[in-house]
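Encoded as structure tokens, the structure appears first; notes follow it.
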Amino acid sequence: MGKVGFSRRTVIERGLLMVPALAFLPSIAKAAGACADPTDSLRASLHYTEMGPDAKMVCAGCGFFEADDDKSCGNCKIFNGPANAKGHCDSWAAKG
Ligand code: SF4
């Protein structure tokens, strides 16, 4: 009967080949038009999404949002980083 499955060496070699590919995942999301990675720990904890479910409660209307020149991506003071003007999270607060 033949050997079934991968050897430990094969698993390690293939795992090492995947490391560079995984390092590019955030840039792939950005390249697809996203402003920020919703899966980073802080954004995920506040349920950040690149497209808010209610057009009246999006980042562009939030007091923590600073618009940027490119109009679609701005800066969120809560995340101290990028947010989509059409995005939303649990910390949304109307601009005062
Ligand atoms: S705090 Fe405001 S600007 Fe920041 S992600 Fe949440 S809704 Fe958008």
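Here are the numbers for the structure shown:
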item	result
Cross-chain or 6+ apart pairs with Cβ under 6 Å, region 66-82 first and touching a residue at least 12 places away in the same chain (Cβ under 8 Å) and more than 7 Å from the ligand (Cβ to nearest atom), then assigned to a loop (DSSP other than H, G, I, E, B) and among the aliphatic types (A, V, I, L, M)	Ser72/Ala85; Gly74/Ala67; Gly74/Ala85; Pro82/Ala36
Selection within region 45-65 - of a type in the set (A, V, I, L, M) and either surrounded by 17 or more Cβ atoms within 10 Å (Cβ to Cβ) or within 12 Å of the ligand (Cβ to nearest atom) (or both)	Leu46, Met51, Met57, Val58, Ala60
Single match in Ala34, Ala23 (criterion: small (Gly, Ala, Ser) and modelled with pLDDT of 65 or more)	Ala34
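The values are calculated or read from the model by the stated rules, or taken from the named source; none is laboratory data. Because the structure is a prediction, the values reported are computed rather than measured. Every residue, glycine among them, receives a Cβ derived from its backbone with ideal geometry; neighbour counts consider all protein chains shown.
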